[in-house]
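Working notes for the structure below.
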Amino acid sequence: MQMADIPRVQEIDRLSFPTPARASLFEHELAQNDIAHYQVLGEAEELVGFAGFWLIADEIHISTIATHPDWRGQGLGELLLLNLLFEAYKLPANMVTLEVRRSNEVAQALYCKFQFAEVGIRRRYYRDTGEDALLMTMPSLNARYHQFLESQQAALFQRWSGEG
Ligand SMILES: CC(C)(COP(=O)(O)OP(=O)(O)OC[C@H]1O[C@@H](n2cnc3c(N)ncnc32)[C@H](O)[C@@H]1OP(=O)(O)O)[C@@H](O)C(=O)NCCC(=O)NCCS
């Protein structure tokens with residue numbers, strides 16, 4: 001993600017979350033937060049998704065992931081998560097954590113597909129709605145998991161070549 005991507009990223013963010021992030025948050029993440037890693041999918045008006053994480057010691061914490069509503073259900077969220085996890089593996093990091101709204105079954109299904117497990121609940125974590133967060137982790141970002149990621153990526157590309 002570059003500074004020039006922020007307006008489009010914000011547009012997708014606004015369509016994706018109950019309380020959108022301010023532009024200054026993304027600016028801060030890109031310019032000043034050394035532990036932040038952000039990626040986008042596509043560019044300019046064709047930027048269709050973004051994802052980010054923080055690297056803390058040997059763990060990554062996924063801070064955000066979203067695809068444009070017009071482009072959902074086509075494997076792009078999965079591609080973003082794949083790219084993020086490949087990057088984390090290369091760093092290297094050993095463990096992945098994230099929080100997800102209890103009601104967000106779509107995102108939970110995506111994380112479960114990538115072997116994340118629920119390990120705890122943060123009560124009333126989201127200040128905007130008072131909703132609980134589920135804490136999910138993928139504890140072993142090892143060579144075996146990397147192989148799993150490669151097979152998921154191959155399956156995704158296979159699916160797209162079938163659709164094309
Ligand atoms: C979560 C999000 C990024 C998924 O993106 P997407 O592009 O729609 O996802 P994909 O098409 O790649 O689907 C990947 C997996 O997600 C799950 N999923 C996607 N759409 C789903 C739906 N309508 N119902 C249930 N599960 C769904 C499935 O596990 C799917 O795998 P499958 O295709 O093998 O069934 C997207 O819905 C989004 O931006 N949501 C709003 C922001 C958000 O909630 N982010 C997560 C914060 S924790």
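Please give the contour-minus-distance gain from Ser140 to Ala109: 0.36 nm per residue of separation, less the Cα-Cα distance, rounded to one decimal in nm.
Gain on stretching Ser140 to Ala109: 9.3 nm.
Lys and Arg at +1, Asp and Glu at -1: add these up for the other residues within a Cβ distance under 12 Å of Leu84 and post the number.
-1
In whole Hz, what ³J(HN,Hα) sequence does the stretch 75-92 give by Karplus (6.51, -1.76, 1.60; θ = phi - 60°), x for Gly and Pro?
Result, ordered by residue: x, 6, x, 5, 4, 4, 5, 4, 4, 4, 6, 4, 5, 4, 4, 6, 4, x Hz.
Between Val119, Leu47, His28, whose Cα lies farthest towards the positive end of the dipole of the chain when Lys and Arg beta carbons carry +1 and Asp and Glu beta carbons carry -1, centred on the Cα centre?
Selected residue: Val119.
What FRET efficiency, computed as 1/(1 + (r/R0)^6) with R0 = 45 Å and r the Cβ-Cβ distance, is obtained for Arg122 and Ala4, rounded to the nearest 0.05?
In this case the efficiency is close to 0.85.
What is the pair-distance distribution P(r) of the stretch 3-163, computed from all Cα-Cα distances in 10 Å bins starting at 0, with each bin given as a whole percent?
Final binned percentages: 10, 38, 40, 12, 0.
Calculate the dipole size of the chain relative to its Cα centre from +1 charges on Lys and Arg beta carbons and -1 charges on Asp and Glu beta carbons; express the result in debye to the nearest 20.
Using Cβ point charges on Lys, Arg, Asp and Glu, the chain gives about 520 debye.
Need one number: nm distance between label points at Asp132 and Lys90, each 7 Å from Cα along Cα→Cβ, rounded to one decimal.
With each label placed 7 Å out from Cα toward Cβ, I get 3.8 nm.
Each value in this text was obtained by applying a stated rule to the coordinates, not by laboratory testing. Because the structure is a prediction, the values reported are computed rather than measured. Heads up, the Cβs are rebuilt from the backbone with ideal geometry, glycines too, and the neighbour counts pull from every protein chain shown.
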